[in-house]
Amino acid sequence: MRLTIASLRYPADQEVDLVDMVCTHINLNHDKIKDIRIIRKSLDARKKEIFWVVSLEITAEGISRAEVKNILSCRGVSLSLHWPTCTTAQPVRKGGGKVVIAGCGPAGVFAALTLIKRGVKPVILERGSEVEKRVSDVEKFWKDGLLNEESNVQFGEGGAGTFSDGKLTTRIKDERKNQVLQALVEAGAPEEITYLNRPHLGSDQLISIVKGLRERILQSGVEIRFNTRLIDLIVEKGRLRGIETSDGMMDAENLFLAIGHSSRDTYEMLHKRGIAMTPKAFAVGLRIEHPQKYINLSQYGTRAFHPRLGSADYFLTYKDKKSERGVYTFCMCPGGCVIAGSSEKETVTTNGMSNSLRSSPFGNSAVVVTVGAGDFGSDHPLAGVYFQRELERKAYTLGGGRYCAPAQRASDFLQGVAGGGIIQCTYRPGIKNCNLQEIVPSFILEPLKRGLLHFEKKMKGFIQEGVLISLETRTSSPVRLIREEKNYHSVNLPGLIPVGEGSGYSGGIVSSAVDGIRSAERFDID
């Protein structure tokens with residue numbers, strides 16, 4: 001007999017035996033419990049006492065009819081009809097010519113893994129380096145301000161998510177997300193990501209996990225070509241027939257385009273080729289960094305430093321009535337650092353990163369404002385890209401060069417003064433104390449200021465304790481490559497299959513990976 005027990009609670013500062021807790025809850029002898037599996041675990045810190053809340057799946061044997069009736073009358077208990085299973089990938093039904101995947105981030109990797117299950121061996125191209133070399137290139141950039149435009153925070157094996165908190169939260173309901181999590185576990189991720197409410201990996205763990213996924217692909221006989229950039233498409237009679245790369249020409253009757261949200265040169269090439277695309281809404285703002293001690297006290301109160309709780313996070317939202325824009329915190333990195341995320345020369349953009357232990361004395365988050373096509377001053381499909389680039393160049397100039405970031409105390413930002421004294425901040429290569437109002441457009445600036453004041457009401461000290469670092473521009477793709485709903489091919493070029501965050505249809509590690517899986521499942525659909 002299989003049972004589900006929802007929302008059992010126990011104090012976060014106590015060790016518990018799950019079997020004891022279950023048997024007490026349903027009044028059953030220990031020897032009748034054969035297996036317990038955690039299916040959900042989250043922290044409830046809304047009141048003074050902090051609880052873990054778990055949902056469990058139990059296998060029990062030798063239960064009488066009377067015991068069944070009693071068990072099912074207990075709070076939160078129901079019958080579980082089956083264990084969750086992953087659907088089996090169906091073999092490809094017909095030949096489709098040579099398959100190439102451009103991009104070795106989550107979408108490209110999981111498209112490849114699904115195609116392999118279906119009997120297809122694609123060639124994978126990645127413009128950046130394998131993750132070991134990429135880590136070295138990124139560290140050199142952060143230390144010395146030496147940017148490699150092909151191997152950086154945005155480009156390289158693992159995609160942009162490799163240098164982040166490794167967040168695996170997603171709002172999508174697609175059950176394929178369980179396939180993604182299980183594949184990550186098989187590649188070395190901890191089992192807890194399959195049941196924690198807001199799982200994360202940390203950039204330190206992501207590096208070995210990305211390598212594990214690579215080994216799985218290589219063992220299947222699939223070729224991965226690093227440092228190979230997509231340059232152009234070869235089109236004959238209205239259909240894709242091949243591609244030009246930095247290493248020469250290739251046949252490619254089907255190209256899974258998993259380029260990520262920062263491949264601006266590729267977007268330009270696609271636009272010149274007449275590929276259907278449209279500007280997409282995204283968000284722009286600043287990074288805000290606080291002492292992690294302040295965040296812990298704000299969220300956990302007197303239990304802020306209990307060793308079981310770890311570094312606290314937050315998520316804040318505000319609807320600005322004057323502008324009708326959303327203002328919200330994004331990609332919160334507890335116990336982390338603010339990082340330089342540039343991929344083009346003489347531009348500055350920021351992101352956040354945490355390692356698995358989230359042990360830095362600082363936490364950070366983007367504070368961003370929604371923007372759309374009407375804000376870019378043009379109806380050009382790439383207007384959002386040009387808008388991002390213009391802001392990033394202004395940030396580079398204001399920061400004084402060498403990829404230093406303009407920074408300012410949040411209290412000074414609201415007053416419009418640069419302030420004085422030394423600002424403590426984790427961003428490398430360095431910061432320059434500036435008046436950030438000089439580079440934030442007014443239609444973003446005003447709702448951003450009102451949003452900060454609103455967040456101060458939710459978390460007292462949010463402004464006084466905060467340091468703002470400019471700019472956060474790469475929240476999601478500014479472009480959507482329009483594709484067929486049925487088979488994910490471009491609406492005006494059969495054989496071109498835009499997937500993942502760069503397609504404009506997903507955002508984040510898990511949703512991008514799921515998009516890659518779906519695209520590969522639909523590979524041979526007309």
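How would segment 322-451 be classified by its alpha-carbon gyration tensor: rounded, prolate or oblate, with rounded meaning a/c under 1.5 and the a/b versus b/c comparison settling the rest? Judged from the Cα gyration tensor, segment 322-451 comes out rounded (a/c under 1.5). A straight Cα-to-Cα reach below 15 Å connects Lys293 with the aspartates and glutamates Asp313, Glu465, residues fewer than 8 places away in its own chain not being considered. Working value for segment 364-404: equivalent-ellipsoid semi-axes of 23, 15, 7 Å, each the square root of 5 times a Cα gyration tensor eigenvalue, largest first.
Taking 0.890 mPa s as the viscosity and 25 °C as the temperature, the Stokes-Einstein diffusion coefficient of segment 2-79 based on its alpha-carbon Kirkwood radius rounds to 188 µm²/s. This structure gives mean projected area of the Cα convex hull in nm², computed directly, and of [x] 62.7; [y] 42.4; [z] 26.3 that value is listed as [z]. Considering only Leu436, Ser365, Ile63, and ranking their Cα positions along the charge dipole of the chain that arises from unit charges at the beta-carbon of Lys, Arg, Asp and Glu, the one farthest toward the positive end is Ile63.
Amide H contacts of Gly352: Ile339, each under 5 Å away and 5 or more positions distant or on a separate chain (H built 1.01 Å from N in the peptide plane; Pro and chain starts excluded).
Ordering Asp265, Asp313 from the fewest to the most neighbouring beta carbons within 10 Å gives Asp265, Asp313.
Compute and list, largest first, the equivalent-ellipsoid semi-axes of segment 6-160 from the alpha carbon gyration tensor, each √(5λ) rounded to a whole angstrom.
Result for segment 6-160: semi-axes of 48, 27, 11 Å.
Each label point was placed 7 Å from the Cα along the Cα-to-Cβ direction; for Tyr386 and Asn197 their separation is 4.5 nm.
Of the cross-linked pairs Lys34/Lys173; Lys47/Lys457; Lys133/Lys432; Lys47/Lys177; Lys41/Lys458; Lys143/Lys432, which ones have a Cα-Cα span greater than 21 Å in the structure shown? Correct reply: Lys34/Lys173; Lys133/Lys432; Lys47/Lys177; Lys41/Lys458. The label point for Ser136 and the one for Glu149, both projected 7 Å from the Cα toward the Cβ, are 2.3 nm apart.
Residues Phe413, Phe523, ranked from the fewest to the most other C-beta atoms within 10 Å, line up as Phe523, Phe413.
Counting every other Cβ atom within 10 Å of each residue's Cβ, Ser354, Ser203 order from fewest to most as Ser203, Ser354. Placing a label point 7 Å from the Cα of Val16 along the Cα-to-Cβ direction, the residues of segment 156-196 whose backbone N falls under 18 Å of that point are 192, 195-196. Amide H contacts under 5 Å for Ala405: Gly430, Ile431, Lys432, restricted to partners 5 or more places along the chain or on a different chain, H placed in the peptide plane at 1.01 Å from N. With the charge dipole of the chain set up from +1 on Lys and Arg Cβ and -1 on Asp and Glu Cβ about the Cα centre, the Cα lying farthest toward the positive end among the listed residues Thr194, Gln182, Thr426 is that of Thr194.
How big is the dipole moment of segment 282-472 about its Cα centre under a simple scheme where the beta carbon of each Lys and Arg is +1, that of each Asp and Glu is -1, and everything else is neutral? Debye, nearest 20, please. So the magnitude is around 600 debye. Each label point was placed 7 Å from the Cα along the Cα-to-Cβ direction; for Val491 and His271 their separation is 1.8 nm. Computing FRET efficiency as 1/(1 + (r/R0)^6) for Lys293 and Ser208, where r is the C-beta to C-beta distance and R0 is 30 Å, gives about 0.50. Computed FRET efficiency, Cβ-Cβ of Asp31 and Ile172, R0 35 Å: what is it to the nearest 0.05? With a Förster radius of 35 Å, E is 0.30. Taking the Cα centre of segment 2-79 as origin and assigning +1 to Lys and Arg Cβ atoms and -1 to Asp and Glu Cβ atoms, the resulting dipole is close to 420 debye.
Every read-out reported here was derived from the displayed coordinates using simple, explicitly stated rules and does not represent laboratory data. Being a predicted model, the structure only gives us computed values, none of them experimental. Here the Cβ is made from the backbone with ideal geometry for all residues, glycine too, and neighbour counts use every protein chain on show.
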